[in-house]
Amino acid sequence: MNVFRLIFLFLALSVVNQNLSAQKPIWDHYYSENVETVQVYPVNDPLGDPFLILGDMNSKLILSFDLFGEEYMQIEYTLIHCDADWIPSDLLPNEYLQGYTEAFIDDYQYSINTKQAYIHYRETFPNTDMEIIKSGNYILKAYPEDKPDLPLFVKRIMVIDPKVTIGGKVNRTSDPSIRKSHQEVDFQVNISNLKSMFPSRELRIFLRQNSRWDNMKKDLQPLQISNGVMDFNLDKENVFEGLNTFRYFDFTSQKYNSEYVDRIDVSGEIDKIYLLPDYIRRNQEYIDNPDFHGVFYIESKDWGNSRVEAEYSDVYFSLFYDVPLLDGNVYVVGELSNWNITPYNKMTYNYQKKAYETTLYLKQGYYSYMYAFLPSDQKVADAAFFEGSHYETQNYYYVLVYFRSPGTTYDQLVGVQVFRDYSL
């Protein structure tokens, strides 16, 4: 286990309990060194977003994760309603949940013939035990039975009550100075069905790039509101660096070297996967490679049941860089790090190899990622520093529309639109 991860887990457990009581945003986190590969996705779509449609009986999510070891643990989960900023709302659990406010995860399987023993847990929700009756942002918290103050992990999900329609497209930015490197998301939100008297005060409009939360554009103001349509054909506020396609690697098999794998060592107690060394892509021409947009997909080609037969391995990352950066730190980012910047995914500089290095403990599958630099005085990681930025990059953009109805104290999520089509 990475020593930085152990330190981070201890600090993070304190942080999540402080956040729940001190009204601070809650991010995806693992709080136990024995939990790994937590995923929440729509039924039959393991690469899909953790979105639910309120009141749609066919809209279901699957929660899956692994608990290391061979000793079964009874695990419960609950949902915490949050405002648009992911701060717990004032609603009581029985105001947004119907049925039980806590439920057990009863579907589990033991790993089969793996060096790393684990128990794979799985739950489909909402279900007859727990139903969601209000839209908005939610934190899914899992914890040992009767120990809600000792969470194993928390994950963000979103429940949509579609009351607005959103249209738009992704363009090259109109600013000539950044036209080759940036993208502009122009869109319109039709709020006619909301009957909002003061839309500028009652609605909050956010714009997210891929699954990142740290660089999200918040509280966008419309250019104009006319005939119930909010126009966000802006020039600066809706502009993002296009960045680059995500790097990726495939270690679905440990019997042969798949794409971007240099060598595999299965001789020890823990298997080791050495990836081919990476190089910076800044100032290079754009290449349209296959792209998982930062997410991962669990699969073992060596065995039939990937859920319980896929193996865990130490995966070694390295990024050549001539000199260490003294005014910040370097990180591997993507779903493999919960899109967070933490000591767990921080890289260290190897002076002999002139490269940044780190090791992550991962389950067999396909993974995508980027390298990012976080200056000491900043809060948003700079992926373009290593990866470059191109207007051609095929990013996913999410428009999120929140509505606080007069007389209420919580934010409804009344619209989500994902833009994948480009006019570049």
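Ranking ILE87, VAL40, SER337 by how far each Cα lies toward the positive end of the dipole of the chain (charges on Cβ) leaves ILE87 at the top.
For GLY69, the residues whose amide H sits under 5 Å from its own are ALA117, TYR118, ILE119, ignoring neighbours fewer than 5 places away on the same chain, with H placed 1.01 Å from N. Apply the a/c threshold of 1.5 to the C-alpha gyration tensor of the chain and tell me whether it is rounded, prolate or oblate. Oblate shape, in that a/c is at least 1.5 and b/c is the bigger or equal ratio.
Restricting to the chain, what percent of DSSP beta bridges are antiparallel, rounded to 5? Percent antiparallel among DSSP bridges in the chain is about 90. The amide H of ASP28, built 1.01 Å from its N in the peptide plane, has ARG156 as neighbours under 5 Å, considering only residues 5 or more places off or on other chains. In this structure, the amide hydrogen of ASP186, modeled 1.01 Å from its nitrogen in the peptide plane, lies closer than 5 angstrom to those of LYS169, ASN171, counting only residues at least 5 positions away or on a different chain.
Determine the sum of side-chain charges near ASN350: Lys and Arg each +1, Asp and Glu each -1, restricted to other residues whose C-beta is under 15 angstrom from that of ASN350. Once all neighbours under 15 Å are counted, the net charge is 0.
Computed from backbone phi, the HN-Hα couplings of the range 51-62 come to 10, 10, 9, 4, x, 8, 5, 8, 8, 9, 10, 10 Hz, rounded to whole numbers (Karplus: 6.51 cos²θ - 1.76 cosθ + 1.60, θ = phi - 60°; Gly and Pro given as x).
Between the residues PRO375, PRO406, TYR356, the greatest Cα displacement towards the positive end of the dipole of the range 348-412, with unit charges on the Cβ of Lys, Arg, Asp and Glu, is found for TYR356. Derived scalar couplings between HN and Hα for the range 75-84 equal 10, 10, 9, 8, 10, 10, 6, 10, 7, 5 Hz in order, rounded to whole Hz, by the Karplus curve 6.51 cos²θ - 1.76 cosθ + 1.60 (θ = phi - 60°), x for Gly and Pro. Applying a DSSP loop filter and a limit of 16 other Cβ atoms within 10 Å to the trypsin sites (Lys or Arg not before Pro) in the range 355-420 leaves LYS379, ARG420. Per-residue Karplus couplings for the range 242-254, computed as 6.51 cos²θ - 1.76 cosθ + 1.60 with θ equal to phi - 60°, are listed in order as x, 6, 9, 4, 5, 5, 8, 8, 10, 10, 6, 10, 10 Hz, Gly and Pro entered as x. About its Cα centre, the dipole of the range 265-347 is roughly 220 debye, where the only charges are +1 on Lys and Arg Cβ and -1 on Asp and Glu Cβ.
Using only side-chain charges placed at the Cβ, +1 for Lys and Arg and -1 for Asp and Glu, the dipole size of the range 60-196 relative to its Cα centre rounds to 1020 debye.
When the charge dipole of the range 155-272 is built from unit charges on Cβ atoms (+1 for Lys and Arg, -1 for Asp and Glu) and taken about the Cα centre, the candidate among LEU220, PHE198, ASN238 whose Cα reaches farthest toward its positive end is PHE198.
Carbon-plus-sulfur accessible fraction, the chain (probe radius 1.4 Å, protein heavy atoms only): 49%.
On the basis of the beta-carbon distance and an R0 of 45 Å, ASN94 and LYS115 show a calculated FRET efficiency of 0.50.
What does a probe at ASP377 reach in the range 313-327, counting residues whose amide N is under 20 Å from the point 7 Å along Cα→Cβ? Counting backbone N atoms under 20 Å from the label point, the list is 325-327.
Helix-only estimate, please: 222 nm mean residue ellipticity of the chain, summing -39500 (n - 2.57) across DSSP H runs of length 4 or more and dividing by its residues, to the nearest 500. Could you put the intermediate results ahead of the total?
On the way: 5 runs with 36 residues, N = 424.
Dividing the helical sum by the residues of the chain leaves -2000 deg cm²/dmol.
Select from the range 141-202 those GluC sites (Glu not before Pro) which occupy a DSSP coil region and have at most 12 other Cβ atoms within 10 Å, ordered by residue number. In loop regions of the range 141-202 (DSSP not H, G, I, E or B), the sparsely surrounded GluC sites (Glu not before Pro) are GLU145. Volume per residue for the range 216-301 equals 191 cubic angstrom (convex hull of Cα atoms).
Just to confirm, what accessible area per residue do you get for the chain at 1.4 Å probe, in whole Å²?
On the way: 19340 Å² over 424 residues.
It amounts to 46 Å² per residue over the chain.
Taking a straight Cα-Cα cut-off under 21 Å and skipping sequence neighbours fewer than 8 places away in the same chain, the lysines within cross-link reach of LYS218 are LYS24, LYS155, LYS163, LYS169, LYS236, LYS379. Among ASN193, ASN137, ASN395, which one moves the most in a GNM of the chain with springs linking Cα atoms closer than 10 Å? Maximum fluctuation in the GNM of the chain, among the listed residues, is at ASN193. Distance from the Cα centroid of the range 46-120 to that of the range 132-196 is 19 Å (rounded to whole angstrom). Around the Cα centre of the chain, unit charges on the Cβ atoms of Lys, Arg, Asp and Glu (plus for the first two, minus for the last two) sum to a dipole of about 980 debye.
Inter-label distance, TYR279 to ASP146: 6.0 nm, where each label sits 7 Å from its Cα along the C-beta direction. Summary of the geometry: the range 239-313 and the range 373-424, compared by the centres of their Cα atoms, lie 25 Å apart.
The values are calculated or read from the model by the stated rules, or taken from the named source; none is laboratory data. Here the structure is a predicted model, which means the values were calculated and not measured. Heads up, the Cβs are rebuilt from the backbone with ideal geometry, glycines too, and the neighbour counts pull from every protein chain shown. Calculation scope for accessible area: heavy atoms of the full protein, side chains included, ligands and nucleic acids excluded. Shrake-Rupley method; radii C 1.70, N 1.55, O 1.52, S 1.80 Å.
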